[in-house]
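The values are calculated or read from the model by the stated rules, or taken from the named source; none is laboratory data. All values reported here derive from a predicted model rather than from experimental measurement. Note that we place each Cβ from the backbone using ideal geometry, even for glycine, and neighbour counts take in every protein chain shown. The accessibility values were calculated without ligands, DNA or RNA, using every heavy atom of the protein model including side chains. Shrake-Rupley method; radii C 1.70, N 1.55, O 1.52, S 1.80 Å.
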Amino acid sequence: FFNTAKIIYSKINEPFKTLYNINLADALAKVPETGLTHAKTKVKKQKEKRESARQFKKSTEEQWEKVDCDTMLGTRQSFKQRDLQRKSLYFESQEEAKIRTNKRKALEEAGLRRKKRH
């Protein structure tokens with residue numbers, strides 16, 4: 001089947017190219033009813049993937065900026081109060097960090113946890 005299609009294409013392509021100055025494959029790819037398209041190269045696929053990731057990141061960050069500022073301004077908190085609250089909720093003190101690392105080291109020495117490799 002594949003060989004037969006290749007033979008038919010090679011016989012039709014040359015006269016078609018001389019008449020219309022375009023390959024048969026390119027002409028068929030331009031007709032939407034055939035459902036044929038040119039295959040994308042690996043580089044082009046990566047470029048499109050990166051571009052969509054950039055667009056998604058940009059739109060997400062814009063939404064975060066809008067919501068974050070609106071939330072903060074809607075609570076009637078000052079910028080300093082909000083900063084203090086944010087740090088108290090999302091950061092740990094030195095004592096908490098020491099406790100956490102001591103626990104991790106004890107588990108590593110006991111063989112219950114894998115050691116870090118950096």
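Charge dipole of the chain (Cα centre as origin; +1 on each Lys and Arg Cβ, -1 on each Asp and Glu Cβ, all else neutral): 720 debye, rounded to the nearest 20.
Fully extended, how many nm does the chain gain between ASP83 and ALA39 (0.36 nm per residue separation, minus their Cα-Cα distance)? Working shown, then result.
Numbers: separation 44, 0.36 × 44 = 15.84 nm, distance 5.13 nm.
Separation in residues times 0.36 nm, less the Cα-Cα distance, equals 10.7 nm.
Using the Cβ-Cβ distance between SER10 and GLU48 with R0 set to 41 Å, the FRET efficiency from 1/(1 + (r/R0)^6) comes to roughly 0.80.
In the context of the full protein assembly, SER88 retains an accessible surface of approximately 80 Å², using a probe radius of 1.4 Å and ignoring ligands and nucleic acids. Full extension of the chain between ARG100 and ASN21 gives 21.2 nm of extra length, using 0.36 nm per residue less the Cα-Cα distance.
So what is the calculated 222 nm ellipticity per residue for the chain, using -39500 (n - 2.57) for each DSSP H run with n of 4 or more, over all residues, to the nearest 500 deg cm²/dmol? Could you put the intermediate results ahead of the total?
Working: 5 runs with 88 residues, N = 118.
After summing the helix terms and dividing by the residues of the chain, the value is -25000 deg cm²/dmol.
Keeping every protein chain in place, order HIS118, HIS38 by accessible area at 1.4 Å, biggest value first, i.e. largest first. Working shown, then result.
Values: HIS118 185, HIS38 120 Å².
Of HIS118, HIS38, the descending order of accessible area is HIS118, HIS38.
Taking the Cα centre of the chain as the origin and placing charges on Cβ (Lys, Arg +1; Asp, Glu -1), which of ALA25, PHE2, ILE12 is farthest toward the positive end of the dipole? It is PHE2.
Both radii are taken from the alpha-carbon atoms of the chain; with Rh as the Kirkwood radius, Rg/Rh is 1.39.
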